[in-house]
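Below: one structure, written as structure tokens.
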Amino acid sequence: MAINTITGEILGDYVLHRLRVGCTLTSPAGVSVYFQPGDEADELLDQWDAIESEHLEKDWPIIAYIAFSDYFPEAPA
């Protein structure tokens, strides 16, 4: 499934869309999870920003997989 990344941010194989109300995170398989505004969305955005600012870009795919795979049950073990 193709992912429309035009309006989203890419980190590794994940795509983030920051919405006016909450955000969505899309997995490499094209599955999206919506995060309502509040603690859960804030935590996801903090994780995203920390990966970008604290790690080298070449390491983003594996770190993003570790950080975000729990949100997607289809992620390989």
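Can you give me the % of accessible surface on the chain that is carbon or sulfur? Probe 1.4 Å, all protein chains present, nothing else counted.
Solvent-exposed carbon and sulfur of the chain make up 54 percent of the total.
Calculate, for region 1-70, the solvent-accessible area per residue in square angstrom, rolling a 1.4 angstrom probe over the heavy atoms of the protein chains.
Result: 64 Å² per residue.
What residue among LEU56, TYR34, ILE66 has its Cα farthest toward the positive end of the dipole of the chain, where the charges are +1 on Lys, Arg and -1 on Asp, Glu, each on the Cβ?
TYR34
Which entry is the computed Rg and Dmax of the Cα atoms in Å for this structure: (1) 11.7, 33; (2) 28.4, 95; (3) 33.0, 107?
This structure yields the entry labelled (1).
The values are calculated or read from the model by the stated rules, or taken from the named source; none is laboratory data. Note that this is a predicted model, so its numbers are computed, not measured. Positions of Cβ are backbone-derived with ideal geometry, glycine not excepted, and every protein chain shown enters the neighbour counts. With ligands, DNA and RNA removed, areas are computed over all heavy atoms of the protein, side chains included. Shrake-Rupley method; radii C 1.70, N 1.55, O 1.52, S 1.80 Å.
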